[in-house]
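In what follows, a single structure is set out as structure tokens and then discussed.
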Amino acid sequence: MVPEPADQPGAPNPSASRTPRHVAFIMDGNGRWATNRGLPRLLGHQAGLDNLKHVLGHLHQRGVQFVTVYAFSTENWDRPTEEVEGLMELLRDGLGELTQELHGNNVRVHHVGRSNRLTPELHEGIERAVALTRENTGITINVAFDYGGREEILQACRGIIEDQVPIEAVDERLFSKYLYTAGTPDPDLIIRTGGELRLSNFLLWQSAYSEYYSTHVLWPDLDAIELDKALASYQNRHRRFGKVNTADSLD
Ligand code: IPE
Ligand code: IPE
Ligand code: MG
């Protein structure tokens, strides 16, 4: 992840056509947020879940159409059982209310990642959220839970082999259709909270040409001001996609 250059102060220009279509988040820092307050880590995850609604609302206002949130990685299983189980319960318990709220706001929910290791209750809750919001036409949110970029690429390879796809038909377009994110455009902007400068196995294939923004703000504290800083930073980038033209190609 590239260190963030000095930010331009102020909100992004809403009339600019440079709003990222797809913003992906590495929602990091929940544990530190809680520890800083002398609270158990799980309360940090609860605060993180609560903040998700505010973040989505703000991005919707700014015209973002797709949001992907990294909620639990394939590596996060290695955390203490208490934290893993607590996280599953937290999401399962919060999902019903969250789904109703998202549905009321015309949000479409997708799950990206493995399903077969989730608790049956969480799996059912996610399936219900996806089914209920399937026809919605507003912002799409991909919830990356038990997601890992390498695992996703491997399962895509397995799918292609299983379907006996002829070798000459395997190109980038076809490969993308076998990923969990099939049907979602690649992320334009990836925002990581918590200050780390790494991907941690997130969207390895899809992020080939994403712009990065890393902030020291912890996920539960991510607010409209910091979000606008990230969007303004994105607006000031020149995306060249490997070409040599110096014209601004963000539009
Ligand atoms: C991110 O917050 C949420 C998950 C990985 C589930 P962390 O739990 O990693 O928080 P820190 O990095 O320990 O502060
Ligand atoms: C990345 O955060 C995964 C999620 C936000 C779900 P981690 O806290 O697991 O990442 P590392 O361990 O710092 O790389
Ligand atoms: Mg972390």
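Here, each number is a calculation from the coordinates, and none is a lab measurement. Model, not experiment: these values are computed from the prediction. Virtual Cβ from ideal backbone geometry, glycine too; neighbours counted across all protein chains shown.
Mean silhouette area of segment 128-214, derived from the convex hull of its C-alpha atoms and averaged over all directions, reads 7.3 nm².
Using the alpha carbons alone, the radius of gyration of segment 83-132 stands to its Kirkwood radius in an Rg to Rh ratio of 0.97.
Net charge around Ser115, counting only other residues with Cβ within less than 9 Å of its Cβ (Lys, Arg = +1; Asp, Glu = -1)? Computed value for this residue: 0. Taking other C-beta atoms within 10 Å as the exposure proxy, Tyr234, Tyr70 rank Tyr234, Tyr70 from fewest upward. Rank these for me by crowding, Arg239, Arg150, going from fewest to most other beta carbons within 10 Å. By the 10 Å Cβ count, ascending, the order reads Arg150, Arg239. The simple spin-label model puts a point 7 Å past each Cα toward its Cβ; for Trp205 and Asp221 those points are separated by 3.7 nm.
When all alpha carbon pairs of segment 60-106 are counted in 5 Å bins from zero, the resulting P(r) reads 5, 16, 18, 22, 15, 13, 8, 3 %. Per-residue ellipticity at 222 nm, computed for the chain from helices alone with -39500 (n - 2.57) per DSSP H run of at least four residues, works out to -12500 deg cm²/dmol. Between Glu172 and Arg79, the FRET efficiency estimated from the beta carbon spacing at R0 = 30 angstrom works out to 0.30.
Treating each Cα of the chain as an identical point scatterer and summing with the Debye formula, the log10 of I(q)/I(0) at q = 0.09, 0.10, 0.11, 0.12 Å⁻¹ comes to -0.40, -0.50, -0.61, -0.72. Of the trypsin sites (Lys or Arg not before Pro) found in segment 69-146, those that fall in a DSSP loop while having at most 15 other beta-carbon atoms within 10 Å are Arg117, Arg134. Under the simplified labelling scheme, the His103-Lys53 pair shows an inter-label distance of 1.6 nm, with each label point 7 Å from Cα along Cα→Cβ. Ordering Lys53, Lys229 by the number of other Cβ atoms within 10 Å of each residue's own Cβ, fewest first, gives Lys53, Lys229.
Springs between Cα atoms under 10 Å define the GNM used for the chain, and in it the highest mean-square fluctuation of Thr74, Thr119, Thr193 occurs at Thr119.
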